[in-house]
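Novice: Just passing along the structure, written as structure tokens.
Read-outs throughout are calculated quantities, based only on the coordinates presented, and are distinct from any laboratory measurement. Keep in mind the model is a prediction, meaning the values are calculated, not measured. Every residue, glycine among them, receives a Cβ derived from its backbone with ideal geometry; neighbour counts consider all protein chains shown.
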Amino acid sequence: MANKNKQTDPLAKLVALCKRRGIVFQSSEIYGGVGSTYDYGPYGVEIKNNISRLWWDEMTRNHENIVGLDSAVILHPQVWEASGHLKNFSDPMIECKNCKQRIRADEFVKECYKKLMDRFEIISGAFNDNELIKPSDLSEESPERQVLEKILALAEFQQFSGIKTPSEDADELIIEYVLKSYNQCTNCGAKDTLTPPRQFNLMFQTNIGSTGEPGSEVYLRPETCQGIFLDWKIVQESARLKVPFGIAQIGKAFRNEITTGNFIFRTREFTQMEMQYFVKPGETSEALNEWKEKRWNFYLSLAIDPEKLRWLQHPQDKLAHYAKEAWDIEYEFPFGWGEVEGIHDRGDFDLKAHQESSGKDMTYFDDQTRERFHPHIVETSAGLNRMMLTVLWDAYREDEQAGEERIYLALDPKIAPIKAAVFPLVKKGGLPEIAESIYKDLRKRWRVFYDFQGSIGKRYRRMDEIGTPFGITVDFDTLEDNTVTVRFRDSLEQVRIDKDQVGNYIAEKLGDV
Ligand code: ATP
């Protein structure tokens, strides 16, 4: 990545570029913005649409057994009970500001017990600022002493009974005390980065109807896949699909994240691109490997630097409640490695859970083998906004041209918002007319841009910053020999070609995207 090491805060430069060029910027800015919500401007929306179109085509056009779906954002509230979202996201949560790991407060206290017991033989004492203290060191009335005694009693109970501490015992006082004394992330090890616990439900709640009466609560979906699980049978039957088959969906998801940040990496409103692949039980392993390979290759097809991509497998004891096996494709962002996409074996968890909760049959009948079963699901789950950040950061370059700093986005032409820009060198002498006619011709095939304002250098720079791969300039030589200059964004190489051949030339270079 060009000059990455020279920059102190490289992402800030990308954020500034995105604002300057109308790619992505803070939403509701005139009112001071809303935490971590972004708007995608004229070029941003093109880039985002190009990426999602590439994903959609890869899934649906390249696979005859994968079909599309656009399900609702607001689903029946029972969906979230069956999926486990209501239960799993309604505990007091502590979050690490460094690694973003959320941990249930009672789990954290339990983890601390283990650490405390290892380090300080907690049964006979406790610690404060890394010094061992005993309840008897504290005055009888002090609240710390009461808490400490309670912790010790629980620890003792846990150690001798082997029974896990019931979560109701990890009451607020204990959590507060443990956090104060032991503010260290159990995931990344960072110190003093843990937030106070908050009663936390990841889902945005709203009400059907205007009165907000009890029972009218509904939720904005925190993931798009649930709509696929609910509809899979009607899709399968109406599209006459046979296992294995897939359903793909692109849509908005909403999560009331405790900690957002890193630009568009983690926001409260985002777009997911998910594909659920339904297979026979026992065939998930093969499907998982197949999809791992396909998804990895997709990132390569976006011209992402493979050195900055890696696989991360979730350890068995850290798997989400629905998952049997889970892999993430991670990218090395300037703030560290981060998940861009997950590929999961969900087994039959979802279909069975919805069958149990709704009472409706969620089985598939294989008319060849005469078998009835719950299909198992392998899913690929990517975030469009995160993928766009990956693409933008990977393409961000700085170099120096004639003593001046140049910033450009080396975007794959498939993703570039504008494929070519046409410039008359000056605003007179018949040059604008020729340039305009080339522009009008190209515009029938691609998104192109015509610009006659400012020096030619400035016009090139503006296009470099939004990643336009080709600049076509009409100059006085054009009047003589009918040729124009084509300038390449990355190499800055310039060639002269016949002005009537510009369309064919660009088509060839773009692979006619
Ligand atoms: P993370 O651990 O980073 O919060 P996750 O494991 O919760 O992600 P999944 O539930 O697997 O994510 O969602 C699939 C994909 O959706 C992620 O790989 C990511 O690209 C995207 N995604 C999830 N949460 C957000 C968010 N808050 N903002 C933007 N994209 C997100």
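Novice: Can you tell me how region 418-510 classifies by the Cα gyration tensor, rounded, prolate or oblate, using a/c under 1.5 as the rounded cut?
Specialist: Here region 418-510 falls in the rounded category.
Novice: Can you tell me the order of 227-239, 371-383, 463-475 when each peptide is scored by its average per-residue count of other Cβ atoms within 10 angstrom, highest first?
Specialist: Top of the packing list down: 463-475, 371-383, 227-239.
Novice: Give the peptides 406-415, 197-206, 37-46 in descending order of average Cβ contacts within 10 Å, highest first.
Specialist: Peptide ranking by packing, descending: 406-415, 37-46, 197-206.
Novice: When a/c is below 1.5 the answer is rounded, else prolate if a/b is larger than b/c, else oblate, so apply that to region 197-275 with a ≥ b ≥ c taken from the square roots of the Cα gyration tensor eigenvalues.
Specialist: Here region 197-275 falls in the oblate category.
Novice: Report the calculated FRET efficiency for ASN187 and ARG310 (r = Cβ-Cβ distance, R0 = 22 Å), to the nearest 0.05.
Specialist: So, using R0 = 22 Å, E works out to roughly 0.75.
Novice: Using only the Cα atoms of region 216-351, build the gyration tensor, take square roots of its eigenvalues as a ≥ b ≥ c, and label the shape rounded, prolate or oblate: rounded if a/c is under 1.5, else prolate if a/b is larger than b/c, else oblate.
Specialist: The shape class here is oblate.
Novice: Long-range amide H contacts for PHE245: which residues qualify at under 5 Å (H placed 1.01 Å from N, peptide plane, sequence gap of 5 or more or a different chain)?
Specialist: PHE278
Novice: How far apart, in nm, are the 7 Å Cα→Cβ label points at ASP137 and ARG61?
Specialist: 6.9 nm
Novice: Do any of LYS292/LYS509; LYS191/LYS308; LYS19/LYS97; LYS97/LYS308; LYS419/LYS499; LYS280/LYS352 go past 19 Å between their Cα atoms, and which?
Specialist: Distance filter (> 19 Å) returns LYS292/LYS509; LYS191/LYS308; LYS19/LYS97; LYS97/LYS308.
Novice: Next up: On full extension of the chain, what length is gained from PHE476 through LYS509, given 0.36 nm per residue of separation minus the C-alpha to C-alpha distance?
Specialist: 9.3 nm
Novice: With a 10 Å radius around each residue's Cβ, average the other Cβ atoms per peptide and rank 319-330, 65-76, highest first.
Specialist: 319-330, 65-76
Novice: Across region 443-450, in residue order, what do the Karplus-derived ³J(HN,Hα) couplings come to in whole Hz, using 6.51 cos²θ - 1.76 cosθ + 1.60 with θ = phi - 60° and x for Gly and Pro?
Specialist: Values per residue, Gly and Pro as x: 5, 5, 10, 9, 7, 10, 9, 10 Hz.
Novice: Which whole-angstrom value gives the distance between the alpha carbon centres of region 12-58 and region 243-279?
Specialist: First find each Cα centre; the distance between them is then 17 Å.
Novice: Collect residues whose amide H, placed 1.01 Å from N in the peptide plane, falls under 5 Å from the amide H of GLY33; neighbours closer than 5 in sequence don't count.
Specialist: Counting only residues 5 or more places away or on other chains, the set is empty.
Novice: Under a cut-off of 14 Å between alpha-carbon atoms, report the aspartates and glutamates in cross-link reach of LYS100, not counting same-chain residues fewer than 8 places apart.
Specialist: List returned: ASP192, GLU257, GLU339.
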